[in-house]
Structure formats: C-alpha cells, structure tokens
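A short worksheet on the structure shown next.
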Amino acid sequence: MQKFTMKCKHREVLGKNKVKHLRTNGLVPAVVYGHGENTVSVSLEKESMVNLLKKLHGEPAILELEFEDKNTALTIIKHFQKDIMSNALLHVDLQIIHPGEPLKISVPVVTIGTPEGVKAGGMIDHHLKEIDVEAIPSKLPEHIEIDVSKLEIGQGIHIKEIDFEGVTCHNDPNQLVVSVISPKAAHIGEEAGLEEEGLLGEEVEGETESASDET
C-alpha cells in the first residue's frame, strides 16, 4: 500500500457548534482509535484530506499522523462521511495499525484488458467490486488486478483462480468475481430487476392508461 503523512492536532472542542466552527476554519474533525488505545479526537487540514481521498479513488493507504507534540501514529482511513447535498467532507475515522501485525481490509477489483467475449458482442458483468484480504500492512495490495482479456461469452473468473501472491483472501473460493454474458442474458437480467422493483409493471400499466385516455 501507498504511505502518506499528514499533520494533525488533538481536538478538545466537541459538540455540533464547535465542530461546525472547525469546518469553517478549514479543518475536518476526525477520530483515531483501535489497537487497545483510547479513542482520540483530532482535527486535520480539510484541503489535504480531500486531496488525498481524490488521489486514492477508494483504494486503501497507510496514513502516518504527525501530532503537534511530535508523536506519530500509523493509521488507515476506515471511514469518512460527506454531506449529501454539498459533498463536503464532514468527518473521518482513522484506525491505528502496527507494521508487523496482519490487517484485514477490503480492496477494490480492477479488471485488465478487453474480454474476447465483449469483442464478440457480449457484456462484462462485475459480481464483486471488492475482495477481503489480510496481510501485514506493507504487503497489502492497493487493489486486485484481474486479466479478463481471454474470457469468452459464458466464461468467468472465480476467487480460487486468482493469485493473491502471499496475501490471505477471506472470500469463498467458489465465489464468482467477473464474467462475460451474452446481450440476451443481460437484457433478461435487466427485466428481472425491473420486475423485482415493480418498475416494469408500473411502466406497462402507465402506457395502458395513456392509451385508454386517448381513446
């Protein structure tokens, strides 16, 4: 995994109004927890954290925090919260990690190449967007790459067919990760999804009512 460094300050001010004041001053509230340590409230530079999250694109990374008293802590970004309307960063959860101890995380799946089946008119179907892996932090991958270029229509790749290079995978070995399906199968799947949500029936009913109104 990539490693980044960021300065932070202990945060004594708690409560909705105090936190709002932090945000208006270019800071974002965060908590640091885990590994038997007491949970610590801190503040981070909002712009630095926003830029880091954009750079990571959802991939995990090690974040070394530098406190004002010169102490440091190795963490990973466990969760972050954004405003639904403005998309502004509101809060960050950071989990303490130790370099020599295994860590379990979910990493994104990245497909490489264009499947032969897609070239023949098929469609790629992503069954898993993330895979659960475990290793010491320095050995953890940022993502899992899967070469799909040789897949024909009707073929797929399962967990057991992926080389994790010494990293422990916690998913079911028989779990399907990605496959190539025919356009007909994709169309049937879309209709089935609409029927489950009740959307297909509503659309037909609406068309029937419109036709009766016109007559």
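The values are calculated or read from the model by the stated rules, or taken from the named source; none is laboratory data. Small disclaimer: the values here were computed from a predicted structure and weren't measured. We place every Cβ from the backbone using ideal geometry, glycine too, and count neighbours over all the protein chains shown.
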**Message:** Can you pull out every residue in the range 144-185 that is in a loop (DSSP other than H, G, I, E, B) and of a type in the set (Gly, Ala, Ser)?
**Reply:** 149, 154, 166, 182
**Request:** Working only within the range 57-66, note down all residues that are surrounded by fewer than 16 Cβ atoms within 10 Å (Cβ to Cβ) and not in a strand (DSSP E or B).
**Result:** 57, 58, 59
**Item:** Index of the failed condition, residue 160 passing every other in (1) touching a Ser or Thr at 6+ places or on another chain (Cβ under 6 Å); (2) modelled with pLDDT of 95 or more
**Value:** (1)
**Asked** Within the range 90-142, which residues are farther than 30 Å from residue 67 by Cβ and either part of a helix (DSSP H, G or I) or of a type in the set (Gly, Ala, Ser) (or both)?
**Response** 113, 116, 117, 118, 119, 120, 121, 122
**Prompt:** Could we say that residue 199 is more than 17 Å from residue 107 (Cβ to Cβ), among the aliphatic types (A, V, I, L, M), modelled with pLDDT under 80 and more than 28 Å from the chain's Cα centre (by Cα) here?
**Reply:** yes
**Selection count, the range 1-57, where residues are touching a residue at least 12 places away in the same chain (Cβ under 8 Å) and of a type in the set (D, E, K, R)** = 10
**Request:** Pull up the range 139-161, narrow it to residues that are touching a residue at least 24 places away in the same chain (Cβ under 8 Å) and β-branched (Val, Ile, Thr), then point me to the one that is farthest from residue 181 (Cα to Cα).
**Result:** 144
**Complete:** Here the residues within the range 153-173 that are surrounded by fewer than 17 Cβ atoms within 10 Å (Cβ to Cβ) and of a type in the set (S, T, N, Q) are 155, 168
**Asked** Are any of the residues in the range 72-80 on the phi < 0 side of the Ramachandran plot, out of contact with any Pro (no Cβ under 8 Å at 6 or more places or on another chain), in contact (Cβ under 8 Å) with a residue 60 or more places away in the chain and not in a loop (DSSP other than H, G, I, E, B)?
**Response** no
**Asked** Could you say whether any residue in the range 117-133 is surrounded by 12 or more Cβ atoms within 10 Å (Cβ to Cβ), at positive phi and of a type outside the set (Asp, Glu)?
**Response** no
**Message:** Among the residues of the range 1-34, what is the count of those that are out of contact with any Asp or Glu (no Cβ under 8 Å at 6 or more places or on another chain), farther than 13 Å from residue 67 by Cβ and not in a strand (DSSP E or B)?
**Reply:** 14
**Prompt:** Within the range 95-115, how many residues are touching a Lys or Arg at 6+ places or on another chain (Cβ under 7 Å) and not polar (S, T, N, Q)?
**Reply:** 2
**Request:** Would you be able to say whether some residue in the range 69-78 is among the basic types (Lys, Arg), in the same structural domain as residue 20 (by TED's automatic domain parsing), under 18 Å from the mean Cα position of the chain (by Cα) and modelled with pLDDT under 95?
**Result:** yes
**Complete:** (1) β-branched (Val, Ile, Thr); (2) out of contact with any Leu (no Cβ under 8 Å at 6 or more places or on another chain); (3) in the same structural domain as residue 6 (by TED's automatic domain parsing); (4) within 30 Å of residue 36 (Cα to Cα) all hold for residue 131 apart from (3)
**Request:** Could you tell me whether residue 37 is surrounded by fewer than 16 Cβ atoms within 10 Å (Cβ to Cβ), under 17 Å from residue 105 (Cβ atoms) and of a type in the set (Asp, Glu)?
**Result:** no
